[in-house]
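*Asks:* Take this structure, written in structure tokens, and hold onto it; I'll ask about it next.
The values are calculated or read from the model by the stated rules, or taken from the named source; none is laboratory data. What you see is a predicted model; the values in this text were computed from it and never measured. Here the Cβ positions follow ideal geometry from the backbone for every residue, glycine too, while neighbour counts run over all protein chains shown.
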Amino acid sequence: MIVILLGAPGAGKGTQSAVLSSRYGLTHLATGDIFRAEIAAKSTLGEKASNYVKAGKLVPDDLVTEMVAGKMDVAAGKYLLDGFPRTLNQAQSLDQTLAKNKAGISSVIYLNLPQAEAMKRLTSRRICASCGEVYNVLTRPPKTEGACDKCQGKVEQRVDDSEATAAKRLQVFEDLTSPLIAYYKAEQIFNEVDASKRPEEVTKSVCAVIDGLQVKAGGV
Ligand code: AP5
């Protein structure tokens, strides 16, 4: 089963992925998390990606597809893709890889959130620099300001969550990623969920989609 979570920056892809990957035994592959880890490790890939990520631009398709190909064992086939694909090129190259392996995408779940709400969530998000736990100063602050509830690590703002860079990322989504909505609708694997509801309600809607797939397939 390969499920793609599609949605604007801040739509809640990471928040939902944390629940879904353990509930359904799916490997969570989040390209943004991988880039941030590579940048922190100062790897060659991290150095190539760094300026794009910091500026809120997309990392070039060839770097992204090569990186994803190295992380995905299509034959194993149980993935939750978060933040990939993000351009038509990436979507087509994923389709080709899957076709070569006689595999396919089970569902694309679009977390639909108005831009203004996405902007509010991005600029109020905070992340633990040590374990990656996601907080929000408006809706889910850590118990002690600046310290992670789970590991006591430093809770800080992501470098690309400043107002200017968040606005840039939302524009990039409109320009380069939103065409994927029509692309996947045409393939009839597209489902839309209202991402403006509370996290638990969003989870319920997403699970309804995945449970429906399992019924059709007779299990994951
Ligand atoms: P990436 O890390 O993928 O960022 P993104 O897509 O911009 O998504 P976010 O992580 O910002 O948001 P999210 O949807 O996961 O929301 P979250 O759950 O955290 O990519 C970063 C960069 O890497 C890109 O800009 C690009 O440079 C590069 N990159 C990555 N993939 C690439 C690719 N395929 N091609 C090229 N470049 C690529 O939630 C946000 C906040 O809202 C949190 O505070 C959370 O607590 C809160 N929240 C979540 N859900 C709810 C809810 N239902 N109600 C209220 N608050 C909520």
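*Asks:* From the list 74, 108, pick out the single residue that is assigned to a loop (DSSP other than H, G, I, E, B) and among the β-branched types (Val, Ile, Thr).
*Replies:* On the way: 108 fails: assigned to a loop (DSSP other than H, G, I, E, B).
74 is the lone residue from the list that is assigned to a loop (DSSP other than H, G, I, E, B) and among the β-branched types (Val, Ile, Thr).
*Asks:* Could you count how many residues in segment 177-190 are more than 16 Å from residue 113 (Cβ to Cβ) and in contact with a helix residue (DSSP H, G or I) (Cβ under 8 Å, 6 or more places away or on another chain)?
*Replies:* Qualifying residue count, segment 177-190: 4.
*Asks:* Could you tell me how many of the residues in segment 177-216 are assigned to a helix (DSSP H, G or I) and within 10 Å of the ligand (Cβ to nearest atom)? Steps first, answer last, please.
*Replies:* Step one: of segment 177-216, the residues assigned to a helix (DSSP H, G or I) are 177, 179-186, 199-216.
Then keep just the ones that are within 10 Å of the ligand (Cβ to nearest atom); that gives 177, 199-203.
Final tally of qualifying residues: 6.
*Asks:* Right, something else. From the residues in segment 59-95 that are closer than 20 Å to residue 8 by Cα and either surrounded by fewer than 19 Cβ atoms within 10 Å (Cβ to Cβ) or among the small types (Gly, Ala, Ser) (or both), which one is nearest to the ligand (Cβ to nearest atom)?
*Replies:* Checking each candidate, the answer is 83.
*Asks:* Could you list, ordered by first residue, the pairs with Cβ atoms under 6 Å in which the first is in segment 100-120 and of a type in the set (D, E, K, R) and the second is modelled with pLDDT of 95 or more, at least 6 apart or interchain?
*Replies:* Sorted first by the residue in segment 100-120, then by its partner, the pairs are 117/196.
*Asks:* Sticking with this structure for a sec: May I ask you to say which residue of 22, 50 is assigned to a helix (DSSP H, G or I), without any contact (Cβ under 8 Å) to a residue 24 or more places away in the chain and closer than 24 Å to residue 139 by Cα?
*Replies:* 22
*Asks:* Would you mind stating whether residue 35 is closer than 29 Å to residue 163 by Cβ, under 14 Å from the mean Cα position of the chain (by Cα) and assigned to a helix (DSSP H, G or I)?
*Replies:* On the way: closer than 29 Å to residue 163 by Cβ: yes; under 14 Å from the mean Cα position of the chain (by Cα): yes; assigned to a helix (DSSP H, G or I): yes.
So residue 35 passes the test.
*Asks:* Within segment 130-141, is there a residue that is modelled with pLDDT of 95 or more and part of a helix (DSSP H, G or I)?
*Replies:* No, segment 130-141 contains no residue that is modelled with pLDDT of 95 or more and part of a helix (DSSP H, G or I).
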